[in-house]
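The values are calculated or read from the model by the stated rules, or taken from the named source; none is laboratory data. Note that the structure is predicted; figures quoted are calculated from it, not measured. Cβ placement follows ideal geometry from the backbone for every residue including glycine, while neighbour counts extend to all protein chains displayed.
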């Protein structure tokens, strides 16, 4: 099956920081393509990929970058697919520069932006799953089960805490 979600990163050094997105999509059974391309060093590659993503069967693109973090914006400029930006933590400003560059898109070109840090990649993948689940009942059920599992874990943790405290 061809990939439904593309995860793009500006450098392979970003891979450990965005692994949560890859793992989450894998857990949901979503076919994913993971690629390295740079808005600054390979703009032609980014433009070609984004321009062909829709016809290749992609449904969502996740773009992760640090520093100036223009990857998500450049991708969004060349596709009508939903684009989710992950500002990668690191560098001189520890991800604040990436966050600001990703979240401050001009009106007319939308990029959804998730948080800096380990929660960002997981949330980017979950947002992609939510988007696709609008038209995929199996994926919708997996998402409902995931949410229920998260809820049940918190309830169990509280029950265990209450037992411990009552001793």
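Looking only at region 119-154, count how many residues are surrounded by fewer than 13 Cβ atoms within 10 Å (Cβ to Cβ) and either under 16 Å from residue 27 (Cα atoms) or under 12 Å from the mean Cα position of the chain (by Cα) (or both).
Final tally of qualifying residues: 9.
Give 92, 128, 101 a once-over and let me know the one that is assigned by TED's automatic domain parsing to the domain that holds residue 57 and over 19 Å from residue 72 (Cβ atoms).
92
Let me confirm something: among 106, 121, which residue is under 18 Å from residue 69 (Cα atoms), assigned by TED's automatic domain parsing to the domain that holds residue 66 and modelled with pLDDT under 95?
Within the list 106, 121, the selection yields 106.
Going through region 140-154 one residue at a time, which ones are under 30 Å from residue 66 (Cβ atoms) and in contact (Cβ under 8 Å) with a residue 60 or more places away in the chain?
143, 146
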